[in-house]
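Nothing in this text is a laboratory measurement; each read-out follows from the coordinates by a stated rule. All of these numbers come straight from a predicted model, not from anything done at the bench. We place every Cβ from the backbone using ideal geometry, glycine too, and count neighbours over all the protein chains shown.
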Amino acid sequence: MSIKVYTQEENVNAELHSPEGVMVTEVSAGDDIEAKMHVKNLKAWFRQKQVLNGFDFKVATNKITAIIGPSGCGKSTLIRCMNRMHELTPGARMEGGVFLDGIDIYKEDSVEMRSRIGMVFQTPNPFPTMSVVDNAISGIKLRGRGKSDGKKIGKDELMGIGEEVLNMAGLWDEVKDDINKSGAALSGGQQQRLCIARALAVEPEVLLMDEPCSALDPASTLKIEELMQELKKDYTIVVVTHNMQQAARVSDYTAFLYMGELIEYQKTSVIFENPEKELTERYITGRFG
Amino acid sequence: MNLRTRRAKDKVMKSLTLVAFLVAIVPLFYVIGTVISKGLVALNWQALGELPPLGFRNAIIGTFIILAVTWLIALPVGIMSGVYIAEYRGIFARAMSFLADVMSGVPSIIAGIVSYVVVVATTRAFGLAGSVALSILMLPVVIRSTEEALKSVPNSLREASTALGAPKWRTTAIALNTAKGSIATGVLLSSARVMGETAPLIMTAGYSQWEFMGMDCRVNSLAYVVYEFLRYPDKERIALGWSAALILIIIILAINIGVRILTRRKYEY
Amino acid sequence: MRSRRIDPLRTISLAFVFVSLIFMATIIWALVDGSLPTLKEYGISFFAGDKWRPSRGIFGALPAIYGTLTTSAIAIAIAVPISLGIAIFLAHLSPPKIGAILSLFVELIAAIPSIIIGFWGMFVLIPLLVSFCPFLEKGGYTILTAGIVLAIMIIPIIAAISRDSIKAVPKSQKEGMLALGATDWEAITRSVLPYARSGIFGGVILGFGRAIGETMAITLVIGNTPGIVPLNEPGATMASLIAGNWGEAVSTPLYKSALMELGLALFLITLFVNVVARLLIRRMEKGAARG
């Protein structure tokens, strides 16, 4: 099985120096992607240090896109640029554009954009002073009780939303008897699914997941991976992972980042079976990283 | 609430935190400004060089004598207690550390009463009683500063010393030597605080218009001169009282700012 | 095998620890000893009496307790919102480069001697308040004035401890709320402050403890006439009564003893308040150390 390379649409700075001095060609997944998000010529810095060197990147609608690469390659920065979290870090700066359905999220209100592009973090971060169900509805509560049509959301309705999203995250059956316990009282895997439920409650279109399983045990990891398969029917998912097996298992597309460059972006089956670049192959086969 | 209201609320509340900050530091500058403008009126060599009622020379000297005796009492006890707490950890050491924290909140007036009962009522040594009262206030701070300073000495230093066969006291002496700057900082900040204490001195060292005559007599101090001179409607005394306040605040702020700039250390409460 | 060596340092430093303990025990002993005459004479009725008339030998502690609690409550009511604002400003909103200097300003307020704040209150703040506040028609030396002066003095304490508690909150907490589409302010109030609440609460209680024991500044601005009166009238606190009347009481054993018993009560209250505050603050610091 061999699907050939996707030619890039804007081959501007195609020729790049790989760290080993090998000339590589930048690859971006192709025109056939129905793009939910589009990253254009994205450059990012921490203080003086440039972490992303400027590349294009499309995220396919209702698919799972994995971003892999060794530590420090810029994968977390990339995902944090995609919902405007990067700019919150002191000393952080970026250039280029990130588009959601064709609108530049950096030209819109950051608060609105973040509610349309949800995020799940590396370490589960439930709000420990809130109960499980309050955690789940914490995002929706930000909008107050008013709905867009002017009607009020009642307490029952909020609880209903809480139950619904906990159900979607596969957590309801496990926690329904102690939804009033603190969110921090759950196990690590449950906490992470609670964080996913919390993100789903604000009805985002895209879900960004920054190494969501790195703090979890294998059983919890498996549950989250199953959940991701379930969720991609309704959501577009981008997942950063340092675990290549995970990327291979869950994702439809995979991007390989190395030292701030997008080295290769392919269908997952391609990148793991027949990568275009030697660097990619060496990383995937575990020879560095 | 729609997004525009939420954004507006965000802006308003964030601006209010700046307002809160400004409201809080207005008194700082207002007080300092008042003390400078009123204190400069009568500040001259006579004020610094004469005895009351013309000046407050004995109060400047007295402040430092009381402080020196306070050090003699509080430093050995405080530093050695701190050494025990930091070097021989256990439930007793932890309890002592907590007790010292709690004791640092003892109102200064209480220290005055205690020193009155223990020293003045039995020996009538007013000056010494003043120092004992201030020691009660200073001791917990010295204990905790020493403890924290020693705990921040890297363990590798102790291990290296122990590996060379040095006995425990030797190792601790080396650790103390490393931590001395940090301990000195704590002592200085605490000294600046007790120098301004007036309430404990009401019951103890009190007021004197004579030269220093020994710790068994009344010993004048800057804080007490401020209290004594500003209470009565006598223009010249009031002006002199503000001058004493100016000298006191200069000493205290100089220590605080100096220490903070040199060490970036936080204030201890 | 060598026999266990005696560690001279341990013995000596332990001896000094006991000296420290004696210092602390002496506080309680001296206060009880000094209070014995009134304890014997009045017993528990000392704390039930609502009149303080030393010239007639009537010593009731209630007016002073009332003054202490009302002034401290006013101070807390003013200081807590302002201190929280300062803490949020210093921890999250002020430019990081000048943050240290701004913090220093706040901390320096705590360094100004109480006596100087008191006279500033007397000479500057009271005339100012009287000219602005119509409800101070009976003069500026009131419980309310004392509460305001106290607020100025405890703001740095509450602000500094709240700022440390807020800074100790993991960044992921704020980010978690922001990622749900919260504004900065919503993220701070809904995730950061609740997370930091025990440390903040500890700071508030510590400030309360300071307010209760604060002496000279209060003595100078409260009017020092003990009574259970409206807030815009002169009153007295336990500490101000001791400091303001020591000179005339010292020659009358029962009067002096009554002041010492006030001191004993004051000490026990501050001890309790400080234990609670320190437990909360230590918990906050431990949490911060864990990350």
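Which percent, to the nearest 5, of DSSP beta bridges fully inside the protein assembly as shown are antiparallel?
65
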Quiz item: Separation of segment C:172-208 and segment A:207-243 by C-alpha centroid, Å?
Solution: 28
Quiz item: For all pairs of alpha-carbon atoms in chain A, what percent lies in each bin of width 10 Å, listed from the first bin to the last filled one?
Solution: 6, 28, 34, 21, 9, 2, 0
Exercise. Please report C:TYR141, A:TYR106, A:TYR258 as a ranked list, fewest other C-beta atoms within 10 angstrom at the top and most at the bottom.
Key: A:TYR106, C:TYR141, A:TYR258
Exercise. Sum -39500 (n - 2.57) across every DSSP H segment of at least 4 residues in chain C, then divide by the residue count to get the 222 nm mean residue ellipticity, nearest 500.
Key: -23500 deg cm²/dmol
Quiz item: In Å, the Kirkwood hydrodynamic radius of chain C over pairs of distinct alpha carbons?
Solution: 21.5
Exercise. Calculate the length of the line joining the C-alpha centroid of segment B:108-160 to that of segment C:101-141, in whole Å.
Key: 30
Quiz item: On alpha-carbon atoms, Rg over Rh for segment B:88-139 using Kirkwood Rh?
Solution: 1.13
Self-check item: Normalised contact order of chain A, rounded percent, pairs of Cα under 8 Å and 6 or more residues apart
Solution: 26
Quiz prompt | Relative frequency of Cα-Cα separations exceeding 19 Å in segment C:65-171, percent | solution = 52
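Dividing the alpha-carbon radius of gyration of segment C:170-229 by 2.2 N^0.38 Å (N being the number of residues), what value is obtained?
1.87
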Quiz item: Which entries of A:LYS223/C:LYS171; A:LYS43/A:LYS75; A:LYS75/C:LYS174; A:LYS75/C:LYS97; A:LYS141/A:LYS176; A:LYS49/C:LYS97 show an alpha-carbon separation above 24 angstrom in the structure shown?
Solution: A:LYS223/C:LYS171; A:LYS75/C:LYS97
Quiz item: Given that compact globular proteins tend to follow 2.2 N^0.38 Å, what is the ratio of the alpha-carbon Rg of segment B:12-64 to that value?
Solution: 1.85
Practice problem: Please sort C:114-120, B:229-235 by packing, taking for each peptide the average over its residues of neighbouring beta carbons within 10 angstrom, highest first. | Solution: C:114-120, B:229-235
Exercise. Could you check the simple spin-label distance between B:THR263 and B:VAL19, using points 7 Å along Cα→Cβ, in nm with one decimal?
Key: 3.8
Practice problem: Return a whole-number percent for the relative contact order of chain B, with Cα pairs under 8 Å and 6 or more residues apart as the contact set. | Solution: 26
Quiz prompt | Most mobile listed residue (A:ASP156, A:ASP217, A:ASP104) in chain A, GNM with C-alpha springs under 10 Å | solution = A:ASP156
Practice problem: For the protein assembly as shown, state the average projected area of the convex hull of the C-alpha atoms over all orientations, rounded to one decimal in nm². | Solution: 45.8
Exercise. Once you've got the GNM for chain B with C-alpha springs shorter than 10 Å, pick whichever of B:ALA173, B:ALA149, B:ALA223 has the biggest mean-square fluctuation.
Key: B:ALA173
Self-check item: Relative contact order of segment A:127-246, pairs being alpha-carbon contacts under 8 Å that are 6 or more residues apart, as %
Solution: 29
Quiz item: Per Stokes-Einstein, at 10 °C and 1.306 mPa s, what whole-number D in µm² s⁻¹ belongs to segment B:58-268, with the Kirkwood radius over Cα pairs as the hydrodynamic radius?
Solution: 87
Quiz item: Taking the alpha carbon gyration tensor of segment A:88-232, what are the square roots of 5 times its eigenvalues, largest first, to the nearest whole Å?
Solution: 25, 21, 14
Self-check item: Virtual spin-label span in nm between C:PHE123 and C:ILE228, 7 Å along Cα→Cβ
Solution: 3.8
Practice problem: State the three equivalent ellipsoid semi-axes of segment C:168-291, derived from the C-alpha gyration tensor as the square roots of 5 times its eigenvalues, in descending order and whole Å. | Solution: 44, 17, 9
